[in-house]
Every structure is written in structure tokens, then in C-alpha cells.
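Read through the structure below, which is laid out as C-alpha cells, and then see the notes.
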Number of protein chains: 2
Amino acid sequence: MSPKITVELLRQLRQAMRNARYIAEPIQAYIIPSGDAHQSEYIAPCDCRREFICGFNGSAGTAIVTEKHAAMWTDGRYFLQASQQMDNNWTLMKMGLKETPSQEDWLISVLPENSKVGVDPWIIAADQWKNMSKALTSAGHSLVAVQDNLIDAIWTDRPSRPSTPLITLDLTFTGLTWQDKITALRSKMAERKISWFVATALDEIAWLFNLRGSDIEYNPVFFAYAIVGMSTIRLFVDAKRLTRPAVREHLQLDTPPKAEMRIQTAPYESVFTELQAVCASLGPKEKVWVCDKTSCSLMQVIPKAHRAPVPYTPLCLAKAVKNATEIQGMRMAHIKDAVALCELFAWMEKEIPKGTVTEISAADKAEELRSQQKDFVGLSFPSISSVGPNGAIIHYRPLPETNRTLSQNEVYLLDSGAQYMDGTTDVTRTMHFGTPSAYEKETFTYVLKGHIAVSAAVFPNGTKGHLLDSFARQALWESGLDYLHGTGHGVGCFLNVHEGPCGISYKTFADEPLEAGMIVSDEPGYYEDGSFGIRIENVVLVVPANPKYNYRNKGSLTFEPLTLVPIQVKMMDTGLLTQKEVSVCVCVSVCVCVSCFKKHTVH
Amino acid sequence: MSPKITVELLRQLRQAMRNARYIAEPIQAYIIPSGDAHQSEYIAPCDCRREFICGFNGSAGTAIVTEKHAAMWTDGRYFLQASQQMDNNWTLMKMGLKETPSQEDWLISVLPENSKVGVDPWIIAADQWKNMSKALTSAGHSLVAVQDNLIDAIWTDRPSRPSTPLITLDLTFTGLTWQDKITALRSKMAERKISWFVATALDEIAWLFNLRGSDIEYNPVFFAYAIVGMSTIRLFVDAKRLTRPAVREHLQLDTPPKAEMRIQTAPYESVFTELQAVCASLGPKEKVWVCDKTSCSLMQVIPKAHRAPVPYTPLCLAKAVKNATEIQGMRMAHIKDAVALCELFAWMEKEIPKGTVTEISAADKAEELRSQQKDFVGLSFPSISSVGPNGAIIHYRPLPETNRTLSQNEVYLLDSGAQYMDGTTDVTRTMHFGTPSAYEKETFTYVLKGHIAVSAAVFPNGTKGHLLDSFARQALWESGLDYLHGTGHGVGCFLNVHEGPCGISYKTFADEPLEAGMIVSDEPGYYEDGSFGIRIENVVLVVPANPKYNYRNKGSLTFEPLTLVPIQVKMMDTGLLTQKEVSVCVCVSVCVCVSCFKKHTVH
């Protein structure tokens, strides 16, 4: 992987930072956040501005360019990758390390007095704007909204915004009609005395209307906004997507339903002026519900006295707890996924000795086998197919220039998943097709012990996922090892493979308590830079547990693995497992030997 | 325990809330925080305003009185106790339960429109003021500073503020002179470009000057403030405490030292006007370092542009990492403490069958035996000596009306500690002097497993204590049990038994990472309301660990128990312990049988 050469781009950006065509007064620094106007984690090519300017294409990272410096902050998953993709003009800021300054502190340390720091208010979240603005102001600087995006200004061949066909999902996939969901939302609004709700997260809008798109690779979402009042529904979306009869029928655009279920549609771009109109007509006590991670632009449209910002919207919370239909769909998706991966591993066992399998061809084969399963839509994220040292790059994606051939001498890590109409999968398996070293087996077994500790954990109702994170690390810590990423994330149902508001990570404290019906991943790992990477990931469903006692009638929860892909026994040092761990393994059927799996496909 | 009758007091307080003598305009609610002007956890009798108004005398709780309602918020340790100490005029707000509103939400739900909520700005922390004020303002109310404390106004026999003699500590106890500490503080100030530091926490001031007092029972501190500049030291303290030659000598008040080490003394009350004077002379870029938990009154003296508030002051951070002398002192204190408690338990084994030992007499005997040890100063907190159902009251304190006789039929819990000149102790042991039931043994053993899991945990340098909290609960959770308090707190060295900035609790996220030299408690528990309580507590020292590997050269830490008091084997269901747990027990010598301990005293 050779770094992107950014000398000329940085020169042009710095010129733009002084150009009166874009800004009234020159700015001394420009922030390029990772996300789009919806604070999406995965973004469309037209929104890959941070990648354009610095070369780093991981899913998380913020670039800041000053007159003299250029720096990019990312987390432990991406340290290696970012250092390989960025040239010497860039300083890699390793988040989570003690010596790494925050963006605010760094800016304050390098900026001349009374500096102006610019950012596009559409792609910075309102809460981030607030924190950044406060820190800069207290140090005598200011944060200014630059309406014309300066990256777009220098990005001559920027792709256009996608507008893919919409997919409608019926009750057999969703369990609830969009009308049911609107009614539930309105009852939450009434409960909290809220007049309007502004939906800006793409997966929340897709979930609410039981629609899917493919505007963003891997995430079946479409660019839209929605504003819901007690008797109004406004959907802001490119008009040409609403021409298909199935979509018009699904949204009941032509058959006038009950007035309060009538959807008024308007162009995507008109959300700003429409929200202004809504806000202009607000009564003195009316409140507008909005996520605090909404773009600064939209947040500022809502007068402060009328804002009711929340870390997680009612849609985010409702979407996280899967209903019976969604759970059944997720189960089916995971059965299909396991079949495809068992076929893959059987194929690999045969092919690898021939020396013809590469990281890319293995990932392609996995996609091919998944695509043969019923209701396959696409992958849920770029496959991390990595062998030997590439496995230590936590969010590695094989490229022609980094592509390695699989052999019987190196550890292979495959983190992959698919979107099926009935559910989303995400699974990581680490295996060896020859004889793993004692050290590889030892570290694999510590990771497995952590994986089992989370998966088998019993905990009281109301427990937040971050309290389970250390269980995943205990065995590694005891041997002086660790991994620099969280242990789990929420998983959508035929939606984003990463979703809030729950997760399992030492890094967050604001996660919502785990509830029966939530679905998260359990994926501890260990990474030996330059050598190998290990990760064992299942998607698990939160289910009620029935331990011996029931303290204060609180009830208990545990996890049930949805992932059914076998874990390679060859990688285990079974002597390090306790009897209990072995029995958990067997009881959740994750330890069956790959070669025992017969080739078969669910249709 | 009969509740305090508060009808008349509430009538008087509500009258004061409308009395123009104290406030320009009537207020609709009055907040009575728990702390004093130094945000102390334990407070002097003159500062026990919340207890005065509602009867509840636990260490944590906030009362709010409106025209119609009276409510008091406290945490899980105190639910039972508070419900017994408060009469029907009060609503107990159980913090940490999902259904309990925050103080802000509750106020907003009960107040008439445009209400004024009053509070004494000296006893509310600046950060609390800020949060409360923001929440009230956003709902159309306001938070107002009431300079005359309204509780003091109706408290006719309020005790006066204590001014006890000061104790000077030499190098053999402290390891560092106060001049060393001032120099270290100033170098931290220079590093962060800070001109002035305001010390308001009593334990920080005592630590800085190597002085102790006895103004607050159990906490060897004295009422004072300090302001330290790069060449100035101001100590605000009652003048008559500075008359003793030993104190004058210690502080070098009469022998003019180097100018920058000269301490200027001033009366305690003059801190406000002196800080005003300091702030008036500040240069445009000068910053004043202050804890964000400082009283609202003092914080507001510092102009906003000059404030540098921090969650933990440099003194708090320096004090937490004990030096070699302090660690040695803590070891000695714990040896002496263990001797006293072994004597106690031997005495109890003999006396209890006679039916003459009560909760109070056992606590008194513990104090008597401790007082025979060298350099004993006093207890470090009120002994929790509780038998049977009283054990389930987490912070129980035996009173004549609740005092139960120990028997061979009930579980006995003793949580107690002492202040010695060389260190502070805090230990809890739970035991049975007859035959414990299978259920008592089972739950005791789960608690023990949690205690061992924390004590034996190995974790990377930089880990925050809250990440270890779940280890203490795992065995309980697996059986559907839990406890409603944190697992550990920082412990001072001949200072407060509770100190920041580290701890082990699911409730905090703002704790500082654990470092070698820090000292915390490890005290999981289990409480069966109306039946018994179990807690096993050691004080443990954070020490470097040497596991097999050293990931990224980060280094690892673990704990070394300082507490040497045996844990009763009779209470254990050893069949529930793993081999590893048994070996940890034996290796830290906590499982030796009480009766094996020979009576002896360290002098």
C-alpha cells in the first residue's frame, strides 16, 4: 500500500482557506470530519472528503489542516492502515493513547492567536460543534461555519450523490407496518410532550418507512430526511425514487389514507427550508425532538428554546429491540451465512495447499457462496480477508498491492458479513490451514476465553454493555496482552452492521442498557503487529436468563449466539480452557470441526 | 430507629423561603446539599443541615423542599436507612433505579411556572450549580443563590464550627516536606501555564502542609483554604490554631525562609476577599487552577476568562500516588489493625456464647483494641457493627434503639477502620459464630469470588478502576444476585478513608487510571433485606505485575492486599471455589482460620 501524495492537494486547500470566494475572512485551520450530513459511519463516494484529502480510507477519522500542519485522528483499529495510507505531510494522531492530544488541545497548541477554525456545518454533528467551539473560544480562537465545502471546491472529479431504487419490505420481513411505527413514535412524542420529530440518521428513516436503498455501499439505506408531527409526515427524498408503483403503493402516496398517515414528499434538499417553516410556526411551548448528533446546520435551524436534543432518538431505541419477525429473520440469515462459510472453508482446505488462494480470491469466493443463498442482497461491509501480518491491521481490506497468498504456514483471519432481505450478518473466524504455532494457539485461546466469557455472561436487567467489556479481556490481561478496540457493536436487521444505542466497549459510558431482543457482536481479538491477527466474532441476541435467584425481581439477561459458523478447534490450546468453557463451547455448537460440515444450502 | 418528626421544621423552612429577611423574592424550592463549603463527604456537626431538616444522617444525600413537597435523594447503600430515619413528610428518591427522577426532572415536574429554586452557593459545587441551573433555565425556572443559609436560620441550637489543635507530621510519616510538595505543585503549574492554584478540599490542604486536625470526626482534617502562586503561599485558617510553637516551627512562620516558601496566614473567612484581590490583579492571560467541585461562591469570584477548572486538582492526583514512606506507613497501620481485629475475633468467639456481646459493645471493643496500638489516633469512620437483618442496611451504624445482641444463629458484619499516625485502615469481615446456613455460605462465597477476582486481576497500565467493577459481580450475577454499591474507593494515608481520583465502580467514568502506588478498597457484598448482609473488604495497593507478555510495552498492574485480617473459612462453600481462587486465597494469606491467630500486639 503506497501512501497518497497530498502535497498539491494541501496547497490547494490552504489556498481555498484564504479564498474570498468561499469565506469572508481567511481561516487558519479547516476540519474535515469523517461523516456525511447524516453522520453516517459508512459514506457514499461523494462524501469521502477525508479520504480525498489525506488518503486514509478507514471508517473513522478526522483530518485537520492548518497553514503549516496536517493531522489526522483515528482509533486503534486503524493505526497501521492510516500510517501506510498517508504521506509525510500528515501526522497520525493515535486516539486512545495517553500522549495523543485531543483535536482541541492540538489546535490550541499550534494555532496563532485569535485564529479562525472552519468546518462545514452540514457534516459536523451539533454536539461536536458545541464542544469544539467551546474549547476554541476559551483559548481565544473561534469556530466558524464555512457553508461552501472547501474539499468539494478543490475536488474536480467528485462523484455525484447516488439515488438508487428503493426496496419495499412487507410485514413478513418487518413485523410492523410503517404506520405501526409512526403510531408508536407519536405515542412516545405525546408522552414527552414533543410536537415534532426530525429524523436525520439514514438507517432510522429506512427502518421507519420499511424501505431500503443502496446509496451507500454495504448499508441498505437511501439519502433522505423525515419530519414527523402529530398529524403530519414529511419525507424528503429525491422525487424520481418515488415513481415506481410498488413504492407509491407501499407509502400509500396515491390512495389517500387517514389524514394523519398521509406522507407529504419533498425534495431531499428542501429539508432546511421546510424545517425553518415548521419552526416558524411553533407555539411557545412546542418542542422539536432531534438527535444531538444531527448536523450543526439543521440543529441551528431549531430555535434553542424549542430544541429537545437526545443522544438516542426514539427510533434508534425502538429499532434496537428486534421484534419476533426480525429475530426470526436474523436467525434465518445466520443459518444461510453459516452454510456459505462452511462451503468456503471446505473449499479453502482443498485449494490452499495448491497455492492459488489469495486474500482477494478468498473474499470473492465468500461473496460468491453467500450470493447463492436466498434473499442475498450484498455484503454488509468490506470483507477483511487477511493472512499473516495483514491480519494485524485490524480493519484491513485486501487491495491488489497488498494481496497475499494464503498458505499452510500463516494464520488467516476473515471478518465478513452479508445483507439478506431477512437479516444482517457479521462474523469473524481465524484459522490455520497447516499447523499453528504454540504462541498462535495460546493467544487464540485467550481470545476464545474472552469471547466465551461475554457470550456466556449472565447479568441483571438494566446492565449497560460497557460493563461487560472487561470480561472479554480478562484472559488476555492476565498474560499481559490486550486489544485496542471495543468488544461489540449493535447490529441492524437488514440495516447497518453497526448501530446504536448499545454495544460492548470500554470507550463509551453513554450506551443504553441491554434489553432482551437487542442484537450485538462479541468480538475480542489479539494483534501481533507484523505477524498475525486473531479475532473471534459472533453476533449474539440478548435473551432473558433464568439463574437460580432473582435479586429484587430485576430479572437477568444473557446472550444467545445467532452465528453458527464453527470455530477451528485446531487453533485452540484446549489445556487452557476450563471445563465450563469447554461445555459452553459445545453447548452453543461453535466448536464443531469444519470438515464435519456437509455442503448444503438453505433455500 | 424512629423517624425524625419534621412537620414543624418544614413549616419554618417554608416560611423562611418566603421571608424577605433572607431573600428578596420568595423561592418555590430550596435545595439542601449534603456537603460543607469544601464539598467534604464527612462533615462537622455544624454542617449537618440535610440531617437536621430530614433526619437522614447517611454520608450522601440531597434534600429538596418545595411549597408542597419534600424529597431526598440517596444511593443504594442508604435506601433502608433513609426510609427508617425520615417521616412521612419526605419522599425517598432511590438513585440508580430506572423509575427515580433526577433532582432536575423532579423539580421541573412539580414546580409551578417560572419558579425560583434557591440554594446556598457555598455548599453547592460549581459543577452541580451549572448543571442544575441549566436544566431549570431550559424549563423556564431559575436557580438563585441564597446567601443566608435558610437551614441555619431555623436551626436554633446549631453547633459552632470546630477549631481543633493542629498535628504536625514530619518526614518519617510523609516522605516529602511541605516545601517539596509546594515545589512539585508549582512545577505542574508552570507546565500548564497556571499562575494561581486555589485549594479548597480539606484533605488536599492537610496533605499539602503535612498537617492534620480533628475538625471533622473520623477525617483528620481542619477547616482551611489555601491559595498558592508561583512565589506566594496563603493559608486561610483560624489564627488561634497557629499559636503553638510546634506548628509555627513546622510552617516556618517565624524563621523567614526563602521568600517563595514564606506562608502568609489569614483568617479562614477571608478567603473570599483575598481571592477577589488576587483575581483583580490578574494579567490578561493568567489562569487560576481550581477544582470544578469547588463551591459555586468561590468559583464565581474567579472571572470566567481566568478560570481553569479541573475534575481533579494536581494535589488530588499527587496525593493519590503514595510514596515509599507512605506505603510503608500503610503497611504498618494494617499490621496493627489486623492484630487488633484478631484479638477482637478471639474475644468474640469466647464472649458471644454468653449472650453479652451487642453490636455496640463489639464496636466499642474493636475501638478499645485498636486504641492500644501504636500511634492510634481514632476511627476512620463510624463502625458498621451489624448482626442479622441489620447487616442488610449497607451503611448501618448501631444505635441504642437498634442495637442487637450477637448470637450463634446470625451472620455478623463488621466494617471498621482506624486512623493511625502512619496510615488509615478500612476492613470488612463477615462471620458466623455458630453454623451458617447453606444459603449464607453460598452467597458469602460468591462475594468472596468477586473479591478475589478484583484482588487478583492483572490489567494494563492506564486502566481505569471502573473497568474492574464487573469482575467483582460476575459470580453473583451468574446466580441472579447483585449489590447496589460500588466495589472500591481510594483510601488516604492518615487522611480521609474515601478519596479520589480513583475507585472501582460501575457508577463513574471520570476516574483517573490506576497507577502503581495508589491504594483502593476491594469490597463487594450481598444484602438480603430483613435477613443478613455480607461484605468482604480489603485495602489493596496497586503494584506492577509481571505477566508472561508485555503488549506494546505498556506494562501491567495488579493489587497487593494491605489488609491482613483473616477471612472466616467457616463461611465459605469451598466447593464453589476454583483451584485458582483457593491458591490466591492462600497466597495472600487471607484464608487462615481466626482461631490460629495468636494474640500479640505490635509496638
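The values are calculated or read from the model by the stated rules, or taken from the named source; none is laboratory data. Predicted model, so just to flag it, every value in this text is computed and none were measured. Cβ atoms come from the backbone with ideal geometry, glycine included; neighbour counts cover every protein chain shown.
Regarding residue B:480, is this residue part of a loop (DSSP other than H, G, I, E, B), at pLDDT 95 or above, within 13 Å of chain A (Cβ to nearest Cβ) and more than 25 Å from the chain's Cα centre (by Cα)? Yes, satisfied.
Taking the stretch A:147-183 as the range and being among the aliphatic types (A, V, I, L, M) and within 27 Å of the chain's Cα centre (by Cα) as the test, the residues that pass are A:150, A:151, A:166, A:167, A:169, A:171, A:176, A:182.
Restricting the search to the stretch B:226-241, which residues are of a type outside the set (Lys, Arg) and more than 17 Å from residue B:199 (Cβ to Cβ)? Can you show your working first?
Going residue by residue through the stretch B:226-241, those that are of a type outside the set (Lys, Arg) are B:226-233, B:235-239.
Matches in the stretch B:226-241: B:239 only.
Among the residues of the stretch B:522-531, those identified as within 14 Å of another protein chain (Cβ to nearest Cβ) and not polar (S, T, N, Q) are B:524, B:525, B:526, B:527, B:528, B:529, B:530.
Of the residues making up the stretch B:237-251, those that are surrounded by fewer than 23 Cβ atoms within 10 Å (Cβ to Cβ) and under 28 Å from residue B:59 (Cβ atoms) are B:238, B:241. What is the residue count in the stretch A:532-547 for residues that are within 14 Å of chain B (Cβ to nearest Cβ) and not hydrophobic (A, V, I, L, M, F, W, C)? The number of residues fulfilling the criteria is 4. Within the stretch A:480-535, being β-branched (Val, Ile, Thr) and surrounded by 23 or more Cβ atoms within 10 Å (Cβ to Cβ) holds for A:487, A:491, A:497, A:504, A:519, A:520, A:534.
Of the candidates B:447, B:491, B:454, the single residue that is out of contact with any Lys or Arg (no Cβ under 9 Å at 6 or more places or on another chain) and farther than 11 Å from residue B:504 by Cβ is B:491.
Taking the condition part of a loop (DSSP other than H, G, I, E, B), at pLDDT below 95 and among the hydrophobic types (A, V, I, L, M, F, W, C), does residue A:37 pass? The answer is no for residue A:37. Within the stretch A:559-585, the residues that satisfy the criterion of being aliphatic (A, V, I, L, M) and either surrounded by fewer than 19 Cβ atoms within 10 Å (Cβ to Cβ) or out of contact with any Ser or Thr (no Cβ under 6 Å at 6 or more places or on another chain) (or both) are A:562, A:564, A:565, A:567, A:569, A:571, A:576, A:577, A:582, A:584.
Could you say whether any residue in the stretch A:297-316 is part of a loop (DSSP other than H, G, I, E, B), among the β-branched types (Val, Ile, Thr), out of contact with any strand residue (DSSP E or B) (no Cβ under 6 Å at 6 or more places or on another chain) and in contact (Cβ under 8 Å) with a residue 12 or more places away in the chain? Talk me through it step by step, then tell me what you get.
Initial filter on the stretch A:297-316 (part of a loop (DSSP other than H, G, I, E, B)): A:302-303, A:311-313.
Filter again for among the β-branched types (Val, Ile, Thr), leaving A:302, A:313.
Add one more test, that the residue is out of contact with any strand residue (DSSP E or B) (no Cβ under 6 Å at 6 or more places or on another chain), and what stays is none.
No.
Of the listed requirements (1) touching a residue at least 40 places away in the same chain (Cβ under 8 Å); (2) more than 20 Å from residue B:298 (Cβ to Cβ), residue B:128 misses just one: (2). Within the stretch A:554-571, residues that are closer than 17 Å to residue A:523 by Cβ reach partners that are among the aromatic types (Phe, Trp, Tyr) with beta carbons closer than 8 Å, at six or more positions or on different chains, in the pairs A:566/A:345; A:566/A:597; A:571/A:444.
Of the listed requirements (1) touching a Ser or Thr at 6+ places or on another chain (Cβ under 9 Å); (2) within 27 Å of residue A:206 (Cα to Cα), residue A:368 misses just one: (1).
When restricted to residues that are in a helix (DSSP H, G or I) and surrounded by fewer than 22 Cβ atoms within 10 Å (Cβ to Cβ), the stretch B:317-338 contains 10.
When residue B:206 is tested against the conditions (1) touching a residue at least 60 places away in the same chain (Cβ under 8 Å); (2) of a type in the set (Gly, Ala, Ser); (3) surrounded by fewer than 20 Cβ atoms within 10 Å (Cβ to Cβ), the lone failure is (3). Restricting attention to the stretch B:553-576 and to residues that are part of a helix (DSSP H, G or I) and touching a Pro at 6+ places or on another chain (Cβ under 9 Å), the residue that is nearest to the other protein chains (Cβ to nearest Cβ) turns out to be B:571.
Is it the case, given these coordinates, that residue B:186 is over 18 Å from the mean Cα position of the chain (by Cα), at pLDDT below 95 and farther than 30 Å from residue B:45 by Cβ? Full working, then the answer.
Working: over 18 Å from the mean Cα position of the chain (by Cα): yes; at pLDDT below 95: no; farther than 30 Å from residue B:45 by Cβ: yes.
Criteria not met by residue B:186.
Specify which of the listed residues (B:324, B:318, B:308) is over 22 Å from residue B:147 (Cβ atoms) and under 22 Å from the mean Cα position of the chain (by Cα).
Only one candidate qualifies: B:318.
For the stretch A:416-470, filtered to residues that are acidic (Asp, Glu) and within 12 Å of another protein chain (Cβ to nearest Cβ), the residue that is farthest from residue A:490 (Cα to Cα) is A:442. Does residue B:378 qualify as being of a type outside the set (Lys, Arg), modelled with pLDDT of 95 or more, closer than 28 Å to residue A:548 by Cα and surrounded by fewer than 21 Cβ atoms within 10 Å (Cβ to Cβ)? So residue B:378 does not fit the description; no.
Helices (runs of 4 or more DSSP H) fully within the stretch A:88-169 that include at least 1 residues being among the hydroxyl-bearing types (Ser, Thr, Tyr): A:103-110, A:126-138.
The set of residues in the stretch A:394-423 that are of a type in the set (Ser, Thr, Tyr) and modelled with pLDDT under 95 comprises A:396, A:402.
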